[in-house]
1. Across the range 1-26, what is the number of residues that are assigned to a loop (DSSP other than H, G, I, E, B) and either at pLDDT 85 or above or among the charged types (D, E, K, R) (or both)?
2. Give all pairs with beta carbons closer than 6 Å in which a residue from the range 18-47 that is free of Cβ contacts under 8 Å to residues at least 40 places away in the same chain meets a residue that is outside any helix (DSSP H, G or I) and of a type outside the set (Ser, Thr, Tyr); count only pairs at least 6 apart in sequence or on separate chains.
3. Could you please find all residues in the range 7-36 being loosely packed, with under 12 Cβ neighbours inside 10 Å and basic (Lys, Arg)?
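The values are calculated or read from the model by the stated rules, or taken from the named source; none is laboratory data. Note that the structure is predicted; figures quoted are calculated from it, not measured. Neighbour counts run over all protein chains shown; Cβ positions are idealised from the backbone, glycine included.
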Amino acid sequence: MSVESSNHSPQLTVEESVTYSAWLRLPSHVDEQTRSKKLTIFFLFLS
């Protein structure tokens, strides 16, 4: 079992924090356009 910890700036919005985390967690071979599309779909799903 692994424990993950995410420490982000308290000045960031939830969207900014999720975006930052996603950029760090997605594999490096995923290009910028694909990352942005994945995040857009994720945020549409939440709304």
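1. Residues in the range 1-26 being assigned to a loop (DSSP other than H, G, I, E, B) and either at pLDDT 85 or above or among the charged types (D, E, K, R) (or both): 5 in total.
2. The qualifying pairs are Arg35/Leu26.
3. Hit for the range 7-36 is Arg25, nothing else.
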